[in-house]
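Enquirer: My questions will all concern the structure given below.
The values are calculated or read from the model by the stated rules, or taken from the named source; none is laboratory data. Computed from a prediction, not measured in an experiment: that's the story for all the values here. Quick reminder, even Gly has a Cβ in these numbers, built from the backbone with ideal geometry, and neighbours come from all protein chains shown. Note: accessible area is taken over every heavy atom of the protein model, side chains too, but ligands, DNA and RNA are not part of it. Shrake-Rupley method; radii C 1.70, N 1.55, O 1.52, S 1.80 Å.
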Amino acid sequence: MPDHVLTEEPLQFGEGGRLFGILTTPSDPRRNAQELPVFVFLTAGLLHRVGPYRLHVRLGRELAQMGFSSLRVDLAGMGDSPPHPGLTYRESIAADFAEILSVLESRLGRPPLVLAGLCTGADNATSLALREPRVVGMVLLDPICYPDRGFRARVLIAKYGNPHRYLAWVKRRFKALARPSVTKPQDEASVDPLALRDLPTREQLREAFELISERGGCVFSVFTDYARGYYNKSGQLGRSLGVNGYKEFCTEFYWPETLHTYWLELHRRRLMEEIKTWAGHYLRRA
């Protein structure tokens with residue numbers, strides 16, 4: 001989709017053309033385009049390359065107006081990319097990333113990279129940053145975060161210090177007494193969403209952040225309502241990692257009123273504006 005601002009090119013690449021993605025580039029690249037990182041949007045869960053509510057599409061196009069190229073790609077088993085037979089999940093991600101590096105090199109040379117992902121996409125961005133020195137930035141939406149020193153105290157305060165909790169309990173008791181007792185089937189028990197993710201350890205997360213710092217890059221993190229079970233105060237990620245100079249290269253937000261997939265346009269707009277402001281660091285440095 002060429003226009004006066006950007007060009008979008010569909011790519012079928014990898015062994016047997018098994019991967020599919022969209023490369024978005026500025027129509028009039030900056031003179032220092034080789035110094036700017038390329039954003040790679042990683043798929044998450046069952047979402048394909050467009051992202052939740054077309055977030056990756058819109059963000060990629062707005063970043064192109066700033067001078068950044070980007071690739072939004074269906075990893076194996078998602079969207080238009082068939083699964084890898086015979087490979088474990090981690091092996092499949094590693095194989096896909098090798099193909100992504102190859103196709104970007106054929107189109108754009110060997111630019112630095114920013115890996116962006118929501119949920120499992122954030123987990124994969126972290127693991128890939130550990131192995132690829134060209135990764136100089138990460139956009140992590142609801143990544144894992146481990147408890148800091150005050151986490152459990154804040155949980156207790158929120159749980160037992162809220163009078164609405166007790167009012168709700170009384171209402172539930174009255175309703176329970178007014179109707180016959182029903183045993184909840186065991187298969188209706190809630191499932192911990194984190195149990196479905198291939199999470200990096202605290203040590204791996206810390207190492208990834210330290211490597212980004214050593215490479216002169218930046219990290220952007222946002223935690224939403226989804227993360228309430230493991231994140232409950234702004235700045236917890238930095239405190240739990242204890243990385244030297246964290247605030248100098250990391251941007252961290254806590255938006256508990258925002259849902260995991262940013263289904264409100266207001267929240268999507270805020271996220272995109274914050275990411276664009278953060279990305280401005282790379283323009284100033286270049």
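Enquirer: For a quick check of your reading of the model, give me the residue pairs whose first member lies in region 63-76 and is over 15 Å from F97 (Cβ atoms) and open to solvent by 10 Å² or more (accessible area, probe 1.4 Å), whose second is among the aromatic types (F, W, Y) and outside any helix (DSSP H, G or I), with beta-carbon atoms closer than 9 Å and at least 6 apart or on different chains.
Expert: S69/F39
Enquirer: Residues to consider are E248, E203, E265, E214; find the one that is open to solvent by 10 Å² or more (accessible area, probe 1.4 Å), closer than 17 Å to V114 by Cβ and at pLDDT 95 or above. Talk me through it step by step, then tell me what you get.
Expert: On the way: E248 fails: closer than 17 Å to V114 by Cβ; E203 fails: closer than 17 Å to V114 by Cβ; E265 fails: closer than 17 Å to V114 by Cβ.
Result of the check over E248, E203, E265, E214: E214.
Enquirer: For E203, indicate whether it is over 14 Å from A122 (Cβ atoms) and without any contact (Cβ under 8 Å) to a residue 24 or more places away in the chain.
Expert: Considered against the rule, which asks whether it is over 14 Å from A122 (Cβ atoms) and without any contact (Cβ under 8 Å) to a residue 24 or more places away in the chain, E203 comes out as yes.
Enquirer: Starting from region 133-159, keep only residues that are surrounded by fewer than 19 Cβ atoms within 10 Å (Cβ to Cβ), then list their pairs with residues that are part of a strand (DSSP E or B) whose Cβ atoms are within a distance under 9 Å, requiring at least 6 positions of separation or different chains.
Expert: R134/L113
Enquirer: Scan region 24-40 and give yes if some residue there is farther than 28 Å from D198 by Cα, free of Cβ contacts under 8 Å to residues at least 60 places away in the same chain and in a strand (DSSP E or B), otherwise no.
Expert: Checked against the condition, which is being farther than 28 Å from D198 by Cα, free of Cβ contacts under 8 Å to residues at least 60 places away in the same chain and in a strand (DSSP E or B), region 24-40 yields at least one hit.
Enquirer: Of the numbered conditions (1) open to solvent by 10 Å² or more (accessible area, probe 1.4 Å); (2) over 20 Å from R18 (Cβ atoms), L115 fails exactly one; give the number of that condition.
Expert: Tallying (1) open to solvent by 10 Å² or more (accessible area, probe 1.4 Å); (2) over 20 Å from R18 (Cβ atoms), L115 fails exactly one: (1).
Enquirer: Please work out which one of (1) open to solvent by 50 Å² or more (accessible area, probe 1.4 Å); (2) modelled with pLDDT of 95 or more; (3) in contact with an Asp or Glu (Cβ under 9 Å, 6 or more places away or on another chain) is the condition G235 fails and give its number.
Expert: (1)
Enquirer: Could you pull out every one of the helices (runs of 4 or more DSSP H) wholly within region 210-286 that has 1 or more residues that are in contact (Cβ under 8 Å) with a residue 24 or more places away in the chain and touching a Lys or Arg at 6+ places or on another chain (Cβ under 6 Å)?
Expert: 236-241
Enquirer: Considering every residue within region 11-21, establish whether at least one is more than 18 Å from P83 (Cα to Cα) and either assigned to a strand (DSSP E or B) or in contact with a helix residue (DSSP H, G or I) (Cβ under 8 Å, 6 or more places away or on another chain) (or both).
Expert: Let us first name the residues in region 11-21 that are more than 18 Å from P83 (Cα to Cα), namely none.
No, region 11-21 has no match at all.
Enquirer: Which is over 18 Å from the mean Cα position of the chain (by Cα), farther than 21 Å from K276 by Cβ, hydroxyl-bearing (S, T, Y) and open to solvent by 10 Å² or more (accessible area, probe 1.4 Å), of S81, S106, S127?
Expert: Only one candidate qualifies: S106.
Enquirer: Pull out all pairs, ordered by first then second residue, where Cβ-Cβ is under 8 Å, the residues are six or more apart or on different chains, the first lies in region 51-62 and is on the phi > 0 side of the Ramachandran plot and buried (at least 17 other Cβ atoms within 10 Å of the Cβ), and the second is at pLDDT 95 or above and in a helix (DSSP H, G or I).
Expert: Note: pairs meeting the criteria are G51/V57; G51/L59.
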